[in-house]
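Every read-out reported here was derived from the displayed coordinates using simple, explicitly stated rules and does not represent laboratory data. Just so you know, these numbers come straight off a predicted model, no measurement behind them. Quick reminder, even Gly has a Cβ in these numbers, built from the backbone with ideal geometry, and neighbours come from all protein chains shown.
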């Protein structure tokens, strides 16, 4: 089941954090960089985030989530996170499908991910995202900016 998450609530923010830490540790190992900002977040930071969160729940357990911001008429995906215990179950695809159909409201969608994070890059490309740019936020860290234009 996919639903909006009320990340301003302590328990929900704690659930989000508990899911995102192991997931971003996997990404850190894939891209060879352990300075991913989301690894250093706190429950308080998530509670105060201005992102919109949607979650994928199985039997009441949060297995994955997507968050985004509205920026300059586009929807910018901030996080697409799946708990490592739920990899290869289609959670990310289901969240992305829901987001594109129900949340992005026909807007252009942007996202960045680690250039070496092949699973994420392949997922976005499968959904019609195209690479726009390469970003180098830190020495040795390469991100790709992907875009899906409204059809």
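When shorter helices are ignored and each DSSP H run of at least 4 residues is given -39500 (n - 2.57), the per-residue value for the chain at 222 nm works out to -9000 deg cm²/dmol.
Within the listed set 60, 114, 90, the residue fluctuating most in the Gaussian network model of the chain (springs between alpha-carbon atoms under 10 angstrom) is 60. Based on the Cβ-Cβ distance of residue 138 and residue 70, what FRET efficiency does E = 1/(1 + (r/R0)^6) give at R0 = 30 Å, to the nearest 0.05? It comes to 0.65. Which entry in (i) 7.4; (ii) 8.5; (iii) 11.0 is this structure's computed mean projected area of the Cα convex hull in nm²? Only one listed value fits the structure, namely (ii).
Fewest Cβ neighbours within 10 Å first, please rank 47, 69, 149 accordingly. Mind dumping the intermediate values first?
On the way: 47 17, 69 14, 149 11.
Ranking 47, 69, 149 by Cβ neighbours within 10 Å, fewest first, gives 149, 69, 47.
Counting beta carbons within 10 Å around each of 5, 123 and listing the fewest first gives the order 123, 5.
When the chain is treated as a GNM with alpha-carbon contacts under 10 Å, the residue of 37, 139, 22 showing the greatest mean-square fluctuation is 139.
Normalised by the number of residues in the chain, what is the relative contact order in percent for Cα pairs under 8 Å and 6+ residues apart? Contact order relative to length: 20 percent.
Please arrange 6, 86 by counting, for each residue, the other beta carbons lying within 10 Å of its beta carbon, fewest first.
Working: 6 12, 86 18.
Ordered from fewest to most neighbouring Cβ atoms within 10 Å, 6, 86 come out as 6, 86.
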